[in-house]
Amino acid sequence: MLKRFAEYLTYDIVRLEQGRLADALVFFTYDTIKIFFLLSVVIFFISILRSYFSPEKTRRILSHKKEFIGNILAALLGVATPFCSCSAVPLFIGFVEAGIPLGVTFSFLIASPMVNEIAVVLLWGLLGWKLTALYIGTGLIVAILSGIIIGRLRLEKWVEEYAYKIHIAENLETPNRTFRERIEYARHNTIDILERIWFFILIAIGIGGFIHGYVPEDFLLRYAGPDNLFAVPMAVIIGVPLYSNAAGVIPIVSALISKGLAVGTVLAFMMAVTALSLPEMIILRKVIKLPLLAVFIGIMTVTIILVGYLFNAIL
Amino acid sequence: MDIKILGPGCANCHKMEEMAKKAAADLGLKATIEKITDIAEIMKYTMSTPGLVINGKLRHSGKPLPDLEKVKELIRQEA
């Protein structure tokens, strides 16, 4: 139905001739409507769901957990718990102070940006639920594995000393909210997020539409297809500096897939964009020393590249 | 009235500060609004920023942010 509307708009209202420009416009209209609809609905419901979680609750749950089970729980809670990226440092200190193992804390911090609602909606809307499920699943596995490895390496000595000296107030209860308040919060949150990202998404879908209409079908197959061993590491290296715009990157990536970019390469690229961001590294540097930061980046990069190869090999 | 905004300084913290200022002005209250960016100082109250401390009491922490009406209500309760 949406598709028909996009075609109606392109051919009957704008009166374009069949061709590349028309293709691009159909693609653009269709994706824009679909994505914004999905974003509004999904962010709204996720916000309600998330209002039942808080960093304080998560800390309480994780404080008695051991390695492995702790890592799995931490990765899941990392997805569910709402927190502002600016509180990564206080959270880190709060977790460590509560006796949560370092590796478990990292599982939490890795999962959270990687499996975020915006990335999930865009993936789902543009690339279908199978790839979305694959992305969420592997994202969680990367978070769990990286956390376990960091835990095993016993790197506590590379946490800044002051982190252990800070004492936190104990009465950190978040007030109970009524269901109506939760809905009100969710509504606000949805509008807030959409206000922040709509422009990036439009531009990205625009570029996506352009690629869709103008770039030859097998263009990327030649350079970044499954047979090119360098494609995955290259995708990761390009992905790291591209922060904060999972929103902007995914529509472009979805167009690239239709031009032959391999799925594993795409997954690796998106994980690099969302999970390895320079601003977050700079923030984390305040509590962890350079060697630990380097180990963290190293482990993440290797795991993400492996995920890329794995999916290129099996899909 | 003494209002503290807790946060290392991101877009959300900034927004919280603006709302606190506007809320106090709209309510016609004289308030000193102070921004706390020091981690140790922040963590005396909470580990989820941005935080809103009114007269020494933590009234909001973390995401999602409250809206302006809610901030006014929180301030009025402490006034």
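The values are calculated or read from the model by the stated rules, or taken from the named source; none is laboratory data. Owing to the predicted nature of the structure, the values given are computational and were not obtained by experimental measurement. All Cβ positions, glycine included, derive from the backbone under ideal geometry; neighbour counts span all protein chains shown. Surface areas here come from the heavy atoms of the whole protein model, side chains and all, with no ligands, DNA or RNA. Shrake-Rupley method; radii C 1.70, N 1.55, O 1.52, S 1.80 Å.
Seen against the Cα atoms of chain B and their longest principal axis, helix B:68-78 is set at about 80 degrees.
Between the helical axis of A:117-127 and the longest alpha-carbon principal axis of chain A there is an angle of about 30 degrees.
Placing R0 at 56 angstrom, the Cβ-Cβ distance between B:LYS57 and A:TRP129 gives a FRET efficiency of 0.80 after rounding to 0.05. Using a simple spin-label model with pseudo-atoms 7 Å out from Cα toward Cβ, B:GLU73 and A:GLU195 lie 1.9 nm apart. Here the simple spin-label model places points 7 Å from the Cα toward Cβ, and for B:ASP2 and B:THR37 these points are separated by 2.2 nm. Our estimate of slack between A:ARG60 and A:LEU153, defined as 0.36 nm per intervening residue step minus the Cα-Cα distance, is 31.0 nm. Less than 5 angstrom separates the built amide H of A:ILE288 from those of A:GLU160, all sequence-distant by 5 or more or on a different chain. Based on protein heavy atoms only, the range A:1-139 ends up with 43 Å² per residue of surface accessible to a 1.4 Å probe. Just want the answer: with Cβ charges of +1 for Lys and Arg and -1 for Asp and Glu, which residue in B:MET19, A:TRP158, A:GLY206 is farthest toward the dipole's positive end in the protein assembly as shown? Result: A:TRP158, furthest along the dipole toward the positive end. Label zone (A:LYS286, point 7 Å along Cα-to-C-beta; backbone nitrogen cut-off 15 Å) within the range A:90-113: A:90-95.
Within the range B:10-79, which trypsin sites (Lys or Arg not before Pro) sit in a loop by DSSP and count at most 10 neighbouring Cβ atoms inside 10 Å?
Those that pass, being in a loop and sparsely packed, are B:LYS30.
If R0 is 22 Å, what FRET efficiency do you get for A:MET1 and A:ILE257 from their C-beta distance, rounded to 0.05?
0.40
Of A:LYS165/B:LYS22; B:LYS21/B:LYS57; A:LYS57/B:LYS21; A:LYS157/B:LYS57; A:LYS157/A:LYS286; A:LYS165/B:LYS4, which ones are farther than 25 Å apart at the Cα? Going by Cα-Cα distance, A:LYS165/B:LYS22; A:LYS57/B:LYS21; A:LYS157/B:LYS57 fall outside the 25 Å limit. For the range A:6-105, the Kirkwood estimate of the hydrodynamic radius, built from every pair of different alpha carbons, is 16.9 Å.
Assigning unit charges at the beta carbon (Lys, Arg +1; Asp, Glu -1) and nothing else, what dipole magnitude in debye, to the nearest 20, does the protein assembly as shown show about its Cα centre?
Roughly 620 debye for the protein assembly as shown.
Between chain A and chain B, roughly 2100 Å² of accessible surface gets buried, counting both sides and using a 1.4 Å probe. For A:LYS130, a cut-off of 18 angstrom between C-alpha atoms picks up these lysines, skipping any fewer than 8 places away in its own chain: A:LYS34. Farthest towards the positive end of the charge dipole of the range A:8-65, among the residues A:ILE46, A:GLN18, A:TYR30, is the Cα of A:ILE46, using unit charges on the Cβ of Lys, Arg, Asp and Glu.
With distances taken between every two different alpha-carbon atoms, chain A has a Kirkwood hydrodynamic radius of 20.8 Å.
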